[in-house]
Amino acid sequence: MEQLEVLLTPELLAMVPLVAFVLQMIKKLPVVAGYMEYAPLVSIGLGVASAYMMNVESPIIPGVIIGLLASGSYDVLKGQVKPKEPVEEAVPGLLG
């Protein structure tokens, strides 16, 4: 059985913010407003395209990783993860 090795160079990882930026610009277009559920697929496609343009030997896996990182990075930066209840209520007596 062969082992899969993926080399993510600093140049490839530098493409993550660029892909996230391009994805956000695409999301702002009024033409694609009804198709936002496909944004992660577009992000993966942009990642694969950017890996291909950087002449990566096998661009599919690194491109998918770039696309997934770019789409996930936006959710974290946007603040999607919020606590359901304040800390004081979740752990009584924590703050004194």
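The values are calculated or read from the model by the stated rules, or taken from the named source; none is laboratory data. As the structure is a prediction and not an experimental result, all values here were calculated from the model.
Points worth noting:
- Scan of the range 10-59 for residues that are β-branched (Val, Ile, Thr) and under 19 Å from SER71 (Cα atoms), ordered by number: VAL16, VAL19, VAL22, ILE26, VAL32, VAL42, ILE44, VAL48
- Subset of the range 46-92 (residues that are modelled with pLDDT of 90 or more and of a type in the set (Phe, Trp, Tyr)): TYR52
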